[in-house]
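The values are calculated or read from the model by the stated rules, or taken from the named source; none is laboratory data. Only a predicted model underlies this, so the values are computations on that prediction, with no experimental measurement involved. Glycine gets a Cβ as well: all are built from the backbone with ideal geometry, and neighbour counts include every protein chain shown. The area values use the complete protein model at the heavy-atom level, side chains included, leaving out ligands, DNA and RNA. Shrake-Rupley method; radii C 1.70, N 1.55, O 1.52, S 1.80 Å.
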Amino acid sequence: MATLDVTAHREQMLSLASKLPAVPRQDLYHFLDVAHKLAQELPYEVSDTLDAFNQVGNEDGYLLLRGLPVEADEELPPTPTSTPAPVGRPRLNMEAFLAVFGRRLGLHTGYAELRSGTVYHDVYPSPGAHHLSSETSETLLEFHTEMAYHMLQPNYVMLACSRADHDRRARTLVGSIRKAVRLLDDGTAATLYENKQPCEVDVAFRGGVEDPGAIARVKPLYGPQDDPLLGYDRELLKPEPGPADEAVAKLSQALDDVTEGVFLTPGDLLIIDNFRTTHARTPFTPRWDGRDRWLHRVYIRTNSHGQLPTGGERAGDVITFTPRR
């Protein structure tokens with residue numbers, strides 16, 4: 001199941017959200033601790049679906065929860081134009097659901113070099129945004145596994161929608177390796193598997209250096225051979241010329257061939273399996289009227305794939321960058 005309509009649970013969802021602290025960022029650790037307790041009170045249909053996705057994933061590589069109660073558009077603040085969000089901004093419904101559903105899955109994590117080390121990110125169009133940034137709008141945000149170059153990349157990327165774009169054009173694209181790997185011949189898969197390739201990193205992780213080059217090395221395919229994990233970034237992965245370059249090109253085509261598009265509407269919450277997918281976003285045209293597309297994003301780490309190495313991590317922790325080598 002890739003989509004679960006939770007409209008029938010609207011009142012219970014609102015009740016859970018109302019039990020969270022009114023100002024999340026004043027004490028985020030406490031906010032997320034309360035969310036963890038509330039995650040045990042989710043309707044069984046919702047909790048069972050989240051647990052199953054967390055344990056085994058699915059073929060599509062994402063889970064879409066649809067029909068969550070979101071504020072009426074006129075009740076929402078204007079779409080942000082700067083980051084990070086003010087510490088005193090009151091709780092929004094979709095931020096509340098990111099807290100509760102995220103704590104059912106694992107631990108919310110901030111990355112010190114990204115968005116001033118904040119855990120909650122507003123995702124909105126910004127004029128002149130770097131082409132690698134989620135703040136782009138009128139160009140394609142290319143396919144990427146989120147922070148594939150980071151030793152402690154998130155297990156899940158969660159996106160919640162408070163506002164869609166005016167023209168209903170922006171789609172989140174998801175390509176699942178569980179589907180794409182079937183399109184690869186054995187030789188291509190063998191070349192990709194456990195074969196580290198040079199990879200550049202996003203601007204936030206470059207330490208102020210304009211072009212540090214490929215400072216990380218990423219395996220395009222790794223893990224169980226019958227159910228491989230994916231490390232992919234169309235802009236940043238720089239495979240060695242020859243067989244590796246050719247294999248990555250075939251992988252890119254296979255991912256394109258299995259891509260699904262998800263149009264996020266207000267009240268949608270999308271959970272992307274960041275170890276088995278790559279995702280992108282199609283272009284859209286902002287109007288700069290305070291009502292442009294507005295998503296909320298959090299990153300979740302779990303025990304899977306070694307992403308909680310110390311055992312003492314807490315939801316709300318902010319970690320520093322270590323590139324994959």
**Asked** Extension gain residue 263-residue 3, at 0.36 nm per residue separation less the Cα-Cα distance, in nm?
**Response** 92.4 nm
**Message:** Two decimals, Cα atoms only, Kirkwood Rh: what is Rg/Rh over the stretch 145-286?
**Reply:** 0.99
**Asked** Counting Lys +1, Arg +1, Asp -1, Glu -1, what net charge surrounds residue 240 among other residues with beta carbon under 11 Å of its beta carbon?
**Response** +1
**Message:** Nothing charged except the Cβ atoms of Lys and Arg (+1) and of Asp and Glu (-1): what's the magnitude of the dipole of the chain about its Cα centre? Round to the nearest 20 debye.
**Reply:** 560 debye
**Request:** Over the Cα atoms of the chain, compute the convex hull volume and normalise it per residue, giving Å³.
**Result:** 126 Å³
**Fill in**
Rounded to a whole %, the carbon-and-sulfur portion of the accessible area of the chain at a 1.4 Å probe is 49 percent
**Item:** Solvent accessible area, Å² - residue 186, 1.4 Å probe, full protein context
**Value:** 140 Å²
**Prompt:** All other residues with a Cβ under 11 Å from the Cβ of residue 254 taken together, and with Lys, Arg as +1 and Asp, Glu as -1, what is their net charge?
**Reply:** 0
**Asked** Roughly how large, in nm² to one decimal, is the mean projection of the convex hull of the alpha-carbon atoms in the stretch 221-325?
**Response** 10.2 nm²
**Message:** Compute and list, largest first, the equivalent-ellipsoid semi-axes of the stretch 15-149 from the alpha carbon gyration tensor, each √(5λ) rounded to a whole angstrom.
**Reply:** 25, 21, 15
**Request:** Over the stretch 71-208, consider all pairs of different Cα atoms and compute the Kirkwood hydrodynamic radius from their mean reciprocal separation; express it in Å, one decimal.
**Result:** 17.9 Å
**Item:** Tilt relative to the chain, helix 243-258 - C-alpha long axis, 0 to 90 degrees, to 10
**Value:** 40 degrees
**Request:** Subtracting the Cα-Cα distance from 0.36 nm times the residue separation, let me have the gained length for residue 18 to residue 47 in nm, one decimal.
**Result:** 8.6 nm
**Item:** For the stretch 180-223, accessible area per residue (1.4 Å probe, heavy atoms of protein chains only), Å²
**Value:** 49 Å²
**Fill in**
Within the chain, pairs of Lys residues whose Cα atoms are less than 17 angstrom apart, provided they are eight or more positions apart or on distinct chains, add up to 8
**Request:** Work through the residues other than residue 315 whose Cβ is under 15 Å from its Cβ and net out their charges, Lys, Arg +1 and Asp, Glu -1.
**Result:** +1
